[in-house]
Amino acid sequence: MANVYDILKERGYIEQATHEEEIRDRLKKETITFYIGFDPTADSLHVGHFVQVMVMMHLQKAGHQPIALFGGGTGMIGDPSGRTDLRKMLTKEQVEYNIQSFQKQFSRFIDFDNDKALMVNNADWLSSLNYIEFIRDIGKHFSVNRMLTAECFKNRLEKGLSFLEFNYMLMQSYDFLELYRRYNCQLQMGGNDQWSNIISGVDLVRRVENASVYGLTFKLLTTSEGKKMGKTETGAIWLDPEKTSPYDFYQYWRNIADPDVENCLALLTFLPMEEVRRLGSLKDEQINQAKEVLAYEVTKLVHGQEEAEKAQKAAQALFGDLTKDSTAIPTTELEKSTFTTGIDILTLLTKTGLISSKGEGRRLIQQGGIYLNDKRVDDFFQTITLTDFVDNKLMLRKGKKVYHQIKIN
C-alpha cells in the first residue's frame, strides 16, 4: 500500500513540513494521531475548509486517527493570520452554536465511531487557564522578537496588532501541548497560512515534553493566478446546503477557469491521479467534460449522490434541453396575483435575491447582464406580467451562469 504522505504529495496538498523524512517514515510504520484546528467564525464550513477535510479523510483511510479541534477558546479571540484588520468578536453563545454546526458537518465526512476520530473543543482547557501561571510556564518559551517576524503578525504591524491577537500564537501552540498530553497527538496540520503558528506549537511541545512531534502545512485553495477560491459575488461557497444550495455549489465548480480544473480534481476528489491528469489535459470544448466530472464528484462528496445527480440534471436542463428536469434550479414561488397588474423587473430581481439593491440591478441591466426567458432586459422599468410565463414558470438569468426560476401558484 502506498505511503499516505506520498499520496498527499502527488496530489499537490503538501506545502511545508518541519521534518519531512521523519513524518513520512512515521506515517508509513505507525498509527499517528494528528489534528487540524477549526475556529468557529461562522455557522458552516466553507470550501476552503474542505481541502483540510479531504486531508483528514485521506489520512483516516490510511489508518491514522484524526482530531478535529474546534476553537471554543481561540474563537473568542480570532486568528490574525491573513487578516488586515481585527476579526469581528463573537459571543460565547455564537461560538458554541457554530461549533455545534461544525460537528454535524464533520460527521458526514469523518468516521468518529469507536474513537476512529475525535472531536475536541479547546475551550476545555483554555477557558480555565490561570493567566499568571500560563505566562510563567508557557510564555517564557516564546521570543517576542521571533514572533514579530512571523507572517501572521508582520502583515498587521503597520495597521496595528492588538495584544489580544498577539496571544493567539501562544494559545494555538498550547493546544498542541494539551493534545499531546491528553491523546499522544504527534502531528499538527493546517493551511499554509498557519505555518508560523504550527512551527511555534511544534517547538513548544519539543521544549516542554522533549517529544518528537511534527508540523505539516498544505496548500490553500487558490486559482492558477494565486487568488483564493470559494468566493462569488454573493459571498462564500458554504458546505451547508441552506447557505449555498447544492445546485449553486455544483455550478461553482462547473464554471471554474480551465487552468484550475486539474488542481481542483486532485485536491477535492478521490479520483485516481491518472484520471485527474487525463481530465486536466483536455483542451478547448472538451475541458467542459472535466468540469462536469469535477462538479459532480465534489457535490457528491459534500451533499451526497442524490443531490449531485439533481444538480447535474438541472445544469443539463439549463445548458441543453429545457424540457429536462429542472427541479434543483433555485426557485422562488410567488402568488399569481403578484403578476396580474405586473411587477417591475428590479423589484422581481430583489425578491429573488439575484441583486442586493436596485442600484446593482440598474447597473447590470445597463451592462446587458440580465435576461428574462433568454431575452436581454434593456429597460429598468420593464413590467413582468402573466403573459411572460410558460406553464406557470419563467426564467431569470444574471450574467452567463446564474439562473433563477419563478413559479406562480
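Bear in mind these aren't lab numbers, they're just calculated from the coordinates by the rules spelled out. What you are looking at is a predicted structure, and each value in this text was computed from that prediction instead of being measured. Positions of Cβ are generated from backbone atoms using ideal geometry, with glycine treated the same way; all protein chains shown enter the neighbour counts.
Laid out as a table, the results:
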{"item": "Amide H partners (placed H, <5 Å) of residue 377, local residues excluded", "result": "370, 371, 372"}
{"item": "Long-range Cα-Cα pairs in the chain (distance over 42 Å), rounded percent", "result": "23"}
{"item": "Mean Cβ count within 10 Å, highest first, over the residues of peptides 89-98, 252-261", "result": "252-261, 89-98"}
{"item": "Candidate aspartates and glutamates - alpha carbon under 16 Å from residue 116, same-chain residues fewer than 8 apart omitted", "result": "30"}
{"item": "Residue-averaged 222 nm ellipticity for the chain, from DSSP H runs of 4+ at -39500 (n - 2.57), nearest 500", "result": "-13000 deg cm²/dmol"}
{"item": "Candidates 302, 202, 144, ranked by Gaussian network fluctuation over the chain, Cα under 10 Å, top entry", "result": "144"}
{"item": "Partner lysines for residue 219 [C-alpha distance under 19 Å; skip if fewer than 8 residues away on the same chain]", "result": "9, 227, 228, 231"}
{"item": "Reach of residue 310 by Cα under 20 Å, taken over lysines that are not fewer than 8 positions away in the same chain", "result": "243, 291, 300, 324, 393, 401, 407"}
{"item": "Lys, Arg +1 and Asp, Glu -1 on Cβ, resulting dipole of the chain about Cα centre, debye, nearest 20", "result": "560"}
{"item": "Residue-by-residue Karplus 3J(HN,Hα) for region 66-75, coefficients 6.51, -1.76, 1.60, Hz, glycine and proline x", "result": "x, 10, 8, 9, 9, x, x, x, 5, x"}
{"item": "In sequence order, calculated HN-Hα J values of region 95-102 (Karplus, 6.51, -1.76, 1.60; Hz; x Gly/Pro)", "result": "4, 5, 5, 5, 5, 4, 5, 4"}
{"item": "Most positive-pole-ward Cα, 405, 97, 17, against dipole of the chain from beta carbon charges", "result": "405"}
{"item": "Most fluctuating residue given options 272, 241, 330, as computed from a GNM of the chain linking Cα atoms under 10 Å", "result": "272"}
{"item": "Among 356, 281, 212: highest mean-square fluctuation, GNM of the chain, C-alpha pairs under 10 Å", "result": "356"}
{"item": "Phi to ³J(HN,Hα) by Karplus 6.51 cos²θ - 1.76 cosθ + 1.60 over region 250-265, Hz, x for Gly, Pro", "result": "4, 5, 4, 6, 5, 10, 6, 5, 3, x, 8, 4, 5, 4, 5, 4"}
